1. Under 7 Å between Cβ atoms, at least 6 apart or on separate chains: pull out the pairs that start in the range 78-103 with a residue that is more than 10 Å from Ile121 (Cβ to Cβ) and end on any residue that is among the hydroxyl-bearing types (Ser, Thr, Tyr) and surrounded by 17 or more Cβ atoms within 10 Å (Cβ to Cβ).
2. Could you run through the range 1-44 and say how many residues are of a type in the set (Val, Ile, Thr) and within 30 Å of Glu95 (Cβ to Cβ)?
3. Only one of (1) touching a Lys or Arg at 6+ places or on another chain (Cβ under 8 Å); (2) within 20 Å of Tyr25 (Cα to Cα) is not met by Ala148, so which one is it?
4. Restrict the check to the range 110-119 and report whether at least one residue is surrounded by 12 or more Cβ atoms within 10 Å (Cβ to Cβ), within 15 Å of the chain's Cα centre (by Cα), part of a helix (DSSP H, G or I) and of a type in the set (Gly, Ala, Ser).
5. So, in the range 113-154, of the ones that are touching a Phe, Trp or Tyr at 6+ places or on another chain (Cβ under 8 Å) and among the small types (Gly, Ala, Ser), which residue ends up farthest from Gly66 (Cα to Cα)?
6. Out of the residues in the range 123-143 meeting the condition of being in a helix (DSSP H, G or I) and in contact (Cβ under 8 Å) with a residue 60 or more places away in the chain, tell me which one is farthest from Thr112 (Cα to Cα).
7. Against the condition of a type in the set (Phe, Trp, Tyr), part of a helix (DSSP H, G or I), under 24 Å from Ile121 (Cβ atoms) and out of contact with any Pro (no Cβ under 9 Å at 6 or more places or on another chain), how does Phe47 come out, does it pass?
8. In the range 1-15, which residues are surrounded by fewer than 10 Cβ atoms within 10 Å (Cβ to Cβ) and among the polar types (S, T, N, Q)?
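None of the figures in this text is laboratory data; all of them are computed from the coordinates on show. Not measured: the values here are computed from a predicted model. Glycine gets a Cβ as well: all are built from the backbone with ideal geometry, and neighbour counts include every protein chain shown.
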Amino acid sequence: MIREVGPQGTRETPFLEAVPDWFDYVPREVRFFQDWEGSSARAHRVFEHWALDVRDYTHKGEREVGFIPRPLKPPKERLLTASDVSVHLLMDRIEAVDSEVGLSFGWFFLMTHGHWVDPDIGLAIAQGLKAQRVRLPDPDARVLLRWADRSYGF
């Protein structure tokens, strides 16, 4: 129960009414591995392509454990979006990134890292998938659309 006390009195709201998707929350670290296993990247071992910078610390009396993934073979250049770029050109660019890093759907995981592939590219491709203007392999499309609905990053 959430209790709010103010000038008009006390108001109580059931917690799950205020935060209905509370039990749907999955930490980004878990989602990273779930998305790996649910995508075409699963043909490779994650540690062939990524190192994990693990952090373990105490913040406000609570222990926090997590990681930041670091690509072992980053692309030579960042992939940024521009407003005048078509979704078809973006598809060509992500395929080039995948080829450069040697990993199918590698661009997606570089995007969750936040530095190498602009998250707006993922959103643009997700919109293209929804409009049936582009295609990805079904497992990759599911992962990308799930990310577009509830994004995460490192």
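1. Correct list of pairs: Asp98/Ser104.
2. First, pick out the residues of the range 1-44 that are of a type in the set (Val, Ile, Thr): 2, 5, 10, 13, 19, 26, 30.
Among the residues that remain, those that are also within 30 Å of Glu95 (Cβ to Cβ) are: 26, 30.
Qualifying residue count, the range 1-44: 2.
3. Result: Ala148 fails condition (1) only.
4. Filtering the range 110-119 down to residues surrounded by 12 or more Cβ atoms within 10 Å (Cβ to Cβ) leaves 110-119.
Narrowing further to those that are within 15 Å of the chain's Cα centre (by Cα): 110-119.
Narrowing further to those that are part of a helix (DSSP H, G or I): 110-113, 119.
Cutting the leftovers down to of a type in the set (Gly, Ala, Ser) gives us none.
No, there is no match, as no residue in the range 110-119 is surrounded by 12 or more Cβ atoms within 10 Å (Cβ to Cβ), within 15 Å of the chain's Cα centre (by Cα), part of a helix (DSSP H, G or I) and of a type in the set (Gly, Ala, Ser).
5. It comes out as Ala126.
6. We begin by selecting, within the range 123-143, every residue in a helix (DSSP H, G or I); these are 123-130, 138-143.
Pick out the ones that are also in contact (Cβ under 8 Å) with a residue 60 or more places away in the chain and you get 139-140, 142-143.
Numbers: Pro139: 17, Asp140: 14, Arg142: 15, Val143: 12 Å.
Per the stated criteria, the residue is Pro139.
7. Working: of a type in the set (Phe, Trp, Tyr): yes; part of a helix (DSSP H, G or I): yes; under 24 Å from Ile121 (Cβ atoms): no; out of contact with any Pro (no Cβ under 9 Å at 6 or more places or on another chain): yes.
No: the conditions fail for Phe47.
8. Gln8, Thr10
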